[in-house]
Ligand code: BES
Ligand code: MN
Ligand code: ZN
């Protein structure tokens, strides 16, 4: 847990801290604070930094011990790179702050925030990113570990300027967003036996109750009766009920547009009868990362209250083999009447999303749909762990998503989404087939064209987070396991509508 407070007292006058931290750019290692440190607490500091080859490069840091008020105090100097640093460089420096503090077990830290001239952002953004990213960096999945790994940080943010109000607004926003990201990471990291469809649905109920959001829930019997043959087919092999859960946030203004966030919620993907090889199955508790993202986003948005209606739509199921499981070659009928040949039961995400999308379009007529899904290994091979695949034929909506991605750090990269690929999901025995014909390859894109049959002409963006949801290396504010990708993005899309 992180608690934070604001202070306008100079960094070096802060008392009762076990560490002091500040950011430097490559352009200036002799800031006023560091000059004062050199003078009063650490003679030869500049020489020491030179010897340690600390240049203020992005991602670098150095820590020295000083004696202050008769106590040893750690001083963390965090590099931002060339001035002005990008917001992403600042995020990673904030992540680095938490990593360094963890290493030396300092939990009471006063941090001097950077000047607006050092980071390419306004005061409110700096404040927001600071509280958001320190929270994300501090997250650790230690629920099942007796000796807790997660440190409780007590951060004091030292303001470089007097705009206290703007800082406060930013800190509060960042706290809401950071907590929601970590909540989703907990759901993803939680083992599938615990975080099953019913359990994830119960978290949705808790959030609905807390913020008085309308909630609709269909259970397996309803889903079968209503003709949602995709969700039903995927669930047949599981002893647990599937669910379709829909949360609604209502904007405080009249006639607001509605955006629907639809998230894939496979709480475990074994592949079904088209069973996965053992290694590919190891992390498949992550296959509900899309549902976690839309649920966490609406949790944050219920607090941030944007002027747009928001739906979070979550088809929840397990994909398991059994004597009752759907078989390769089976033909199913979805909620909108479209039929599909299930050639491979491991291409299950598109089957549950198909019904969720069709239901959303029919009953809510949203002005836009963004779906988020750990949909294809192909996407993860194409883009690796740092960019989510974005597919859309709607320029205006995909521009919005691209802008939110650039602002928030949940990066996306457009894949070609041309009608030429459409024929890849044709079937000889049904309207469409759940795997693309091998001659078209491009598995991420053909999966997108499968989903296209269920959105009609609603403006729609498909985000494939298979590569970005879990085990993303080298980014200081992530750890092994869930990243909470796309949550910051979805929140920004709604708030900037
Ligand atoms: N959940 C997987 C995709 C995935 C792979 C997510 C790796 C995260 C990491 C999805 O259900 C799946 O199995 N997709 C198949 C589709 C194929 C059978 C057409 C795949 O990508 O292999
Ligand atoms: Mn699968
Ligand atoms: Zn899957």
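Nothing in this text is a laboratory measurement; each read-out follows from the coordinates by a stated rule. Please read these numbers as outputs of a predicted model, since none were measured by experiment. Quick reminder, even Gly has a Cβ in these numbers, built from the backbone with ideal geometry, and neighbours come from all protein chains shown.
A few points about this structure:
- Taking every alpha-carbon pair under 8 Å whose residues sit at least 6 apart, the range 51-126 reaches a relative contact order of 27 percent.
- Cβ crowding within 10 Å averaged over residues, with 431-437, 108-114 ranked highest first: 108-114, 431-437
- Under 18 Å from the residue 52 label point (7 Å along Cα→beta-carbon), backbone N, the range 3-33: 12, 18-33
- Fewest-first ranking of 461, 64, using other Cβ atoms within 10 Å as the exposure measure: 64, 461
- Cα gyration tensor, the range 118-201 - rounded (a/c under 1.5), prolate or oblate: prolate
- Computed [θ] at 222 nm, deg cm²/dmol, the chain (DSSP H ≥ 4; -39,500 (n - 2.57); rounded to nearest 500): -11000 deg cm²/dmol
- Between 0 and 90°, nearest 10: helix 123-138 axis offset from the chain longest Cα axis: 70 degrees
- Each of 86, 326, 483 was scored by other Cβ atoms within 10 Å of its Cβ. Listed from fewest to most, they are 86, 326, 483.
- In this simple spin-label approximation, residue 71 and residue 88 carry label points 7 Å from Cα along the Cα→Cβ vector, and these lie 3.8 nm apart.
- Nearest-ten-degree value, helix 443-452 long axis tilted from longest Cα axis of the chain: 60 degrees
- P(r) weight above 42 Å for the chain, C-alpha pairs, percent: 23 percent
- Rounded, prolate or oblate (a/c below 1.5 giving rounded, otherwise prolate when a/b exceeds b/c) for the range 147-194 by Cα gyration tensor: oblate
- Residue 239 versus residue 496: modelled label distance in nm, points set 7 Å from Cα along the beta carbon direction: 4.8 nm
- Among beta bridges identified by DSSP and lying wholly in the chain, the antiparallel ones come to about 40 percent.
- Förster radius 41 Å - calculated FRET efficiency between residue 438 and residue 142 (Cβ-Cβ, nearest 0.05): 0.40
- Kirkwood radius and radius of gyration were both taken over the C-alpha atoms of the range 2-162, and their ratio Rg/Rh is 0.95.
- Tensor-based shape of the range 269-377 (alpha-carbon gyration tensor, a/c under 1.5 rounded, otherwise prolate or oblate): oblate
- Ranking of 390, 288 by count of other Cβ atoms within 10 Å, fewest first: 390, 288
- Taking the DSSP bridge list for the range 2-162 and keeping only pairs wholly inside it, about 30 percent are antiparallel.
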